[in-house]
Structures are given as structure tokens and as C-alpha cells.
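Heads up: the structure comes next, in C-alpha cells.
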Number of protein chains: 4
Amino acid sequence: MSHITSMLDTYPKDLGGVDRGKLAECIAACFECAQTCTACADACLSEDMVPELTKCIRTNLDCADICSAAGKVISRHTGYDATITRAILEACAAACKACADECGQHAGMHEHCRVCAEACRRCEAACNELLVTLGRGA
Amino acid sequence: MSHITSMLDTYPKDLGGVDRGKLAECIAACFECAQTCTACADACLSEDMVPELTKCIRTNLDCADICSAAGKVISRHTGYDATITRAILEACAAACKACADECGQHAGMHEHCRVCAEACRRCEAACNELLVTLGRGA
Amino acid sequence: MSHITSMLDTYPKDLGGVDRGKLAECIAACFECAQTCTACADACLSEDMVPELTKCIRTNLDCADICSAAGKVISRHTGYDATITRAILEACAAACKACADECGQHAGMHEHCRVCAEACRRCEAACNELLVTLGRGA
Amino acid sequence: MSHITSMLDTYPKDLGGVDRGKLAECIAACFECAQTCTACADACLSEDMVPELTKCIRTNLDCADICSAAGKVISRHTGYDATITRAILEACAAACKACADECGQHAGMHEHCRVCAEACRRCEAACNELLVTLGRGA
């Protein structure tokens, strides 16, 4: 995560009132979750029981795409627009919750689903915590 | 848009009660808007007055990322999860509205912003129309 | 494709010696192929014989990711770097060829694979034609 | 990077003869570079001297898109196709080299460009090292 904090520390303008620690955590969680969900979709695809994992694969792919988008949006600070930031963080938290629930159902049988469910829960929490710091009226 | 309808027509399972025309329109609008916003960010970057367009560039980049994610999510039908679909469509409509508003302010001076604002408005409308057909209780 | 040509026509600076028609074709083909491969991966996932389509799904996902990246890169013209453009177009042509070959093997049985193989062939050809116009020494 | 190695360790099938350490390093480097380049493009956009950084911003955006695609492709192992993997790793190394060179020119004046150039160099090296382990005849 050091590259994330280095980039926040070297941003040339004021970052506004954002909680820098929670922002860095959320950026890291989004990129981590995007990678983990991409890998989990592929691991499910290699399971012999892939017909029972098709919903899980689909949810993984959606979650990876949305986490990637969220991670990029919150890595930007120029011309900050709270409406866009809130909307994509809410979508990301929703996708992470759905994917954690789905992967959680297979966690007992597939270790990769257990690892992935944990990454999704961390990302869901990080998005929700960042949303809280962004305030209600934003 | 013929490739989009061809893929919908050859999907091996039932697509559920979705309005196929509105779905195809929304998929097309998301990919079109992702391309147009990517190109508009770059066109703004090549303007001599780029210092006055930095917020526009940032909004274009956010909108492109979110439209890409939305376009991929609604191109999938396996194991449909209304919560994820609604959340990313709402985020996409919000980003498109913000980008249309921002580009709209420069539309009189920069033709590419005018073209981009129109693509954003179309995509915002397509997301909202698809959301309506997905129903309230989903 | 009209939004693509509109954005090329309104670009504020000279586009260099690029063949504008071939560029527009290639941008359109990349975004079309990204959508089609995303949809084909999902259609394969919904087939009863999904265990026989896992390589096809994986190739579809790779091809979609690479086409998305290529489509964005060639939508930009500011500070043109021939090395990057050539490298991503070559990767895109390679991915499209591999995906067309793979989907082609299932085209007789799955209509979505036939549609997808055609989109991949078009995109492979468009990348190769654009590469030719970019010249050897670039 | 622990989530990356956890996912490799829980992959249900054999990973083939791949060097697991170099693979994990390369996956991490691609996602790190995608984030750093996204943030550097935005930091450049917030500099007062943005007109002198337009080529840097564009190169950052290209590099971010290509690193994202490469990071996803090498996170998949099902139905491995050496041609696609090699092509996207070569494109990624080329983009990282170009971006490191460009950011390197501004590293003395902009700390974020220095941090970004380092991330690009790490990713370029990781791609090249992974390419070596994939062998010549692949």
C-alpha cells in the first residue's frame, strides 16, 4: 500500500477534508478486491463442479469490474465531484456485499472462495467507512 | 448495435422479463459513452486552454470508467442479481449526468464537449429507462 | 460508429498522417469486440455444457480486457507514442486471433460463439490494417 | 501482496511450470502500476503547469489501461494460452518503459512523477522477468 500513500503525499494540491487513512485503505481494498475476484472467477472456472459455480463466477466478474472503476475514481482528486464518488462507492459496496455472500456459500468447499469473500468484506467495509467520512450533505 | 442484439438473440437461456430493446439500447449507450468520454478527455488535453478544462477531463475519465463497468455488467445475464445491476446503473446515470453538465458548460466553445454531452445525456436516459423496467421491488 | 467519427472530426489538433477511416474502423471494432466477448463469456457460462467451454470463457475474458485497453489507447491522440500504440494493437490482434480460433471451434454448436468469432476476426483485421498504415519505422 | 499468493495457493488445478514467485510479483506490479499511473495522471492534471504535462498525462492513462488488462490476464490460469500472455506482457513492458521515460523527465520537479517512474520501472522489469520464465518457444 506504500505506493498509494506516496501518491497521496505527493499530490500537488490540497486533498480537502478527506480522511487520508480511510481513503488509502479504500483505494487499496478496491484494487485488491478487483484482483481477487478476477482470480476467483478463474479458479471457479477450473473446478470440476463448475456448473454449480456459474452464479459465483458471474458475481465475481461484476464485482471485479465495479471495484476497478471505483478504485480509479477515488484515486483522482482534481475537480472532486461528491455525487460521482458517492454513487460509485455505493455501487462498489453493494457488489462487494453480493459477492461476499455468494462466495461465502462456497467457502467451506473452496478455499479460493473463502479468501475472496474476505477480500470482498474488507472492500465493502472500506467503501462504507469512506462514505461515512464523506458526510451526508455531500 | 447489431452485434449487441445478435448476442442477446443467441443467449442460450431465458432472459427473464427484461425489456430487450431497452437493454440493447443501454448496452450500446454505455459503450458509446465510454468511448466518447475517453476521446473527450483526450481532446480537452490537446486544447490550448487545458488549464480551464481540468475538471472536465477528470469527469470524463470517471464517466468512462463507470460506463465501461456498467456496460459489462448489463452484458451478463447468468445468475442475475438485481441489486448489483441497479447499483451500477444508478452510479452510471449519476456519472453521465455530472459529465453532461460539465461538458455542457464548454459545448459552445468546444465541439467535442458538445458531442460528448449528447452521448452522456443519451446514456443517462438509457440507464434511467432500463432502471424503470427493472421494477421497484427488485 | 457516428460518435467515433464525430470525436475524430472535432479533435482540436492535427491528427498526423493517420488514415482516419481505418482508425475509426479499428476503434469501433475494439469496443464491439470487447462487448461481444464479454457477452459470449457469459453465454458460455449459461450453457449446460459449460465444463467443455471453460477455455473459451477464459479466452473471451482476456480478449475483452485487451480490446478494451486497445480501444481506449487508440481513442487518444495527444502526445502520440507509436511504440505503445503498436504494442497494444499487436497484443489485440493476437488475442482476437486466439479468441476467433477458440470460438470458431464451437461455432457449429453455439450461435453466440459464431457471432463472437466474427467480431474477433473483424477486430483482428482492423488492428492489422491500422498497424500497416502506422508504418514500419514508427 | 498476500491476497495474490493466497489465490495462487488455492487455485484448484496445477499451475504448470510457471515460476510462482515471479508470477505473483508481476501481478502485484501490474495492479500497483495501474493505480500509480491513474493517480499520476490526476496529479499532473492538478499542477499549475499542466500544459507542459499533457504528454505525461496521456502516457499515464495508456499505461494504466494496459497494466490493468495485463494484471487481469495473468491472474487467470484456466486454458492457458501462451500467445496471449506473451503479447500482453510485451505490450505492458513497452507501455511501462515509455511511461517511466516520460515521468522520469519530470521527476526532478514533480515528486509524483518520480514515484510513478519507479512503479513503471518495477512493472517493466517484472513483465520482462516473467516473459523470460515463460520460455522462448511458447
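For B:Ala24, which of the numbered conditions (1) closer than 30 Å to B:Asp101 by Cβ; (2) touching an Asp or Glu at 6+ places or on another chain (Cβ under 9 Å) fails to hold?
(2)
Out of segment D:71-91, which residues are aliphatic (A, V, I, L, M) and in contact (Cβ under 8 Å) with a residue 40 or more places away in the chain?
We begin by selecting, within segment D:71-91, every residue aliphatic (A, V, I, L, M); these are D:73-74, D:82, D:84, D:87-89, D:91.
D:Ile74, D:Ala82, D:Leu89 - these are the residues of segment D:71-91 that are aliphatic (A, V, I, L, M) and in contact (Cβ under 8 Å) with a residue 40 or more places away in the chain.
Can you tell which of C:Ala125, C:Ala100, C:Ala87, C:Ala107 is more than 8 Å from every other protein chain (Cβ to nearest Cβ) and in contact with an Asp or Glu (Cβ under 8 Å, 6 or more places away or on another chain)? Walk me through how you get there before you give the answer.
Numbers: C:Ala125 fails: in contact with an Asp or Glu (Cβ under 8 Å, 6 or more places away or on another chain); C:Ala87 fails: more than 8 Å from every other protein chain (Cβ to nearest Cβ); C:Ala107 fails: in contact with an Asp or Glu (Cβ under 8 Å, 6 or more places away or on another chain).
Among C:Ala125, C:Ala100, C:Ala87, C:Ala107, only C:Ala100 is more than 8 Å from every other protein chain (Cβ to nearest Cβ) and in contact with an Asp or Glu (Cβ under 8 Å, 6 or more places away or on another chain).
From the residues in segment A:2-29 that are open to solvent by less than 50 Å² (accessible area, probe 1.4 Å) and out of contact with any helix residue (DSSP H, G or I) (no Cβ under 8 Å at 6 or more places or on another chain), which one is modelled with the highest pLDDT?
Of everything passing the filter in segment A:2-29, A:Gly21 is modelled with the highest pLDDT.
Scan C:Ser6, C:Ser46, C:Ser2 and give me the residue that is closer than 30 Å to A:Val50 by Cβ, over 15 Å from the mean Cα position of the chain (by Cα) and among the polar types (S, T, N, Q).
C:Ser46
Conditions first: (1) within 26 Å of D:Asp42 (Cβ to Cβ); (2) in a loop (DSSP other than H, G, I, E, B). B:Leu89 passes all but one, so which condition is the exception?
Just one mismatch for B:Leu89, condition (2).
Under the condition of being at the interface with chain C (Cβ under 8 Å from one of its Cβ atoms) and at negative phi, which residue from segment D:64-79 is farthest from the chain's Cα centre (by Cα)?
In the first step, residues of segment D:64-79 are kept if they are at the interface with chain C (Cβ under 8 Å from one of its Cβ atoms); the result is D:65-66, D:68-69, D:72-73, D:76, D:78-79.
Then keep just the ones that are at negative phi; that gives D:65-66, D:68-69, D:72-73, D:76, D:78.
Values: D:Asp65: 9, D:Ile66: 7, D:Ser68: 7, D:Ala69: 9, D:Lys72: 11, D:Val73: 12, D:Arg76: 16, D:Thr78: 21 Å.
Ranking the candidates gives D:Thr78 first.
Please tell me if D:Leu61 is in a helix (DSSP H, G or I) and over 17 Å from the mean Cα position of the chain (by Cα).
So D:Leu61 fails the test.
Can you name the condition, by its number, that A:Ala95 falls short on among (1) surrounded by fewer than 24 Cβ atoms within 10 Å (Cβ to Cβ); (2) under 13 Å from the mean Cα position of the chain (by Cα)?
Result: A:Ala95 passes all but (1).
Please enumerate the residues belonging to segment D:103-124 that are under 19 Å from D:Ser75 (Cα atoms) and without any contact (Cβ under 8 Å) to a residue 60 or more places away in the chain.
Once the filter is applied, which keeps residues that are under 19 Å from D:Ser75 (Cα atoms) and without any contact (Cβ under 8 Å) to a residue 60 or more places away in the chain, segment D:103-124 yields only D:Glu124.
Just checking, which of D:Glu32, D:Glu52 is closer than 20 Å to A:Leu8 by Cα and either surrounded by fewer than 19 Cβ atoms within 10 Å (Cβ to Cβ) or touching a residue at least 60 places away in the same chain (Cβ under 8 Å) (or both)?
Among D:Glu32, D:Glu52, only D:Glu32 is closer than 20 Å to A:Leu8 by Cα and either surrounded by fewer than 19 Cβ atoms within 10 Å (Cβ to Cβ) or touching a residue at least 60 places away in the same chain (Cβ under 8 Å) (or both).
Assess whether D:Glu47 counts as being more than 9 Å from every other protein chain (Cβ to nearest Cβ) and open to solvent by 10 Å² or more (accessible area, probe 1.4 Å).
Details: more than 9 Å from every other protein chain (Cβ to nearest Cβ): no; open to solvent by 10 Å² or more (accessible area, probe 1.4 Å): yes.
No, not satisfied.
The values are calculated or read from the model by the stated rules, or taken from the named source; none is laboratory data. What you see is a predicted model; the values in this text were computed from it and never measured. Note that we place each Cβ from the backbone using ideal geometry, even for glycine, and neighbour counts take in every protein chain shown. Accessible surface is based on the protein model in full, side chains and every heavy atom, while ligands, DNA and RNA are left aside. Shrake-Rupley method; radii C 1.70, N 1.55, O 1.52, S 1.80 Å.
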